[in-house]
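Beneath this line is the structure, given in structure tokens, with notes to follow.
The values are calculated or read from the model by the stated rules, or taken from the named source; none is laboratory data. Note that the structure is predicted; figures quoted are calculated from it, not measured. As a convention, Cβ positions derive from the backbone with ideal geometry for all residues, glycine included, and neighbour counts pool all protein chains shown. Heavy atoms of the whole protein, side chains included, go into the accessibility calculation; ligands, DNA and RNA do not. Shrake-Rupley method; radii C 1.70, N 1.55, O 1.52, S 1.80 Å.
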Amino acid sequence: MKIHNFSAGPSILPESTIKNSADAVLNFAGTGLSLLEVSHRSKEFVAVMDDAIALVKELLDLPAGYEVVFVGGGASTQFCMVPFNLLAKKAAYLNTGAWAAKAIKEAKGFGEVVEVASSKDAVYNYIPKGYEVPSDADYFHITTNNTIYGTEIRKDLDVSVPLVADMSSDIFSRPIDVSKYNIIYAGAQKNLAPSGVTIAIVKEDALGKMDRHIPTMLDYRTHIDKGSMFNTPPVFPVYSALQTLKWLKENGGVAAMEKINIEKAGILYDEIDRNKLFKCTVEAAEDRSIMNVCFIMNDEYKELEKDFFDFATSKGMSGIKGHRSVGGFRASIYNAMPKSSVQALIDSMKEFEAKH
Ligand SMILES: *Cc1c(COP(=O)(O)O)cnc(C)c1O
């Protein structure tokens, strides 16, 4: 039976990423050595890093003056690295979820933090709107996709200060106007590669303005200057990331991804809205994520939750349990998730409805 991987992260990757990564573990670039045992300074691996950086620039159409770095520490390290490098006096943050709240907590150690709006009172089931961003803020931090709650900001906001975005769970899912951002960062393990590497896209002009001492490893300039080779980079996830970036390019890039992602999410939301057993936790259509689709049982069918989980599992659905703070179900349908797997989930929902 085919297993459909709806896990939120680490999560589904293109088959070519997994196969090429496995092959390189046995024989990397014809060297007769494993990717796991070669020097990161070998010409073969330097080419991998250079190609990965170049492909990120190409796929996201980076304007001049922006650089790409691959670093360790996960998106969670970016929560402090961003304010270390960019927060001189004041920063604005939008609180749309647990990850946003963690970013806010870290930033408070570096200066004044204005939380412009929060949807915490409603278990983060919507994206706040109509707030004001102080025009003297150094930046405005947003989490574009709230992995746990299934909400997403799917356009590049217009505000009076530069944006900084945690795009861990929706980077490469749509075209973005990078010129609006000072920093975009993303842990790789949702939409790109296995865990262990984080991408940061950095506007070089925004750096070098702090009075404080920035530890060498937490200074973006270190990694830009050394081409992400200041210290030993996580070679395996960087190699896998390159395979996914190649797959993205072969499949039409981020514009093509957006089209199919909207289609995949659309058929699943339609089924949740139609099916008498289920309802979506995010009501406003414009706030619904095209990466993580969260749904629960309708009140009259609450007692069927475990039964549906077992039924769907028996049909090959894996990783559909909702986050404990939301309950119910979450289908993560990242770039690599084929439409046929989304259809398999829909079929299991229909079949289960017919039984009840
Ligand atoms: C998963 C996730 C994180 C945490 O990433 P780590 O790499 O585990 O630190 C941060 N932000 C968002 C939006 C996420 O989905």
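Remark: pairs (first residue in region 309-331, closer than 18 Å to residue 298 by Cα and hydroxyl-bearing (Ser, Thr, Tyr); second residue in a loop (DSSP other than H, G, I, E, B) and open to solvent by less than 50 Å² (accessible area, probe 1.4 Å); Cβ separation under 9 Å; 6+ apart in sequence or on different chains) = 325/124; 325/148; 325/149. Does residue 144 count as under 30 Å from residue 280 (Cα atoms) and either within 16 Å of the ligand (Cβ to nearest atom) or surrounded by 23 or more Cβ atoms within 10 Å (Cβ to Cβ) (or both)? Yes, satisfied. Among residues of region 187-207 being under 23 Å from residue 162 (Cβ atoms) and open to solvent by 50 Å² or more (accessible area, probe 1.4 Å), the one that is nearest to the ligand (Cβ to nearest atom) is 203. Hey, could you check region 208-228 for residues that are of a type in the set (Lys, Arg) and in contact (Cβ under 8 Å) with a residue 60 or more places away in the chain and say which is most open to solvent (accessible area, probe 1.4 Å)? Selected residue: 209. Mind counting the residues in region 73-108 that are more than 9 Å from the ligand (Cβ to nearest atom) and either within 19 Å of residue 211 (Cα to Cα) or small (Gly, Ala, Ser) (or both)? Counting residues in region 73-108 that are more than 9 Å from the ligand (Cβ to nearest atom) and either within 19 Å of residue 211 (Cα to Cα) or small (Gly, Ala, Ser) (or both) gives 17.
Mind checking whether some residue in region 109-116 is within 14 Å of the ligand (Cβ to nearest atom) and open to solvent by 10 Å² or more (accessible area, probe 1.4 Å)? The answer is no; no qualifying residue exists.
Elements of the type strands (runs of 3 or more DSSP E) sitting completely within region 237-356 and holding at least 1 residues that are among the basic types (Lys, Arg) and more than 30 Å from residue 47 (Cα to Cα): these cover 278-280, 329-332.
Residues in region 2-56 that are on the phi > 0 side of the Ramachandran plot and away from the ligand (no atom under 16 Å from the Cβ): 29, 30, 32. Of the numbered criteria (1) touching a residue at least 12 places away in the same chain (Cβ under 8 Å); (2) surrounded by fewer than 23 Cβ atoms within 10 Å (Cβ to Cβ); (3) more than 18 Å from the chain's Cα centre (by Cα), the one residue 121 fails is (1).
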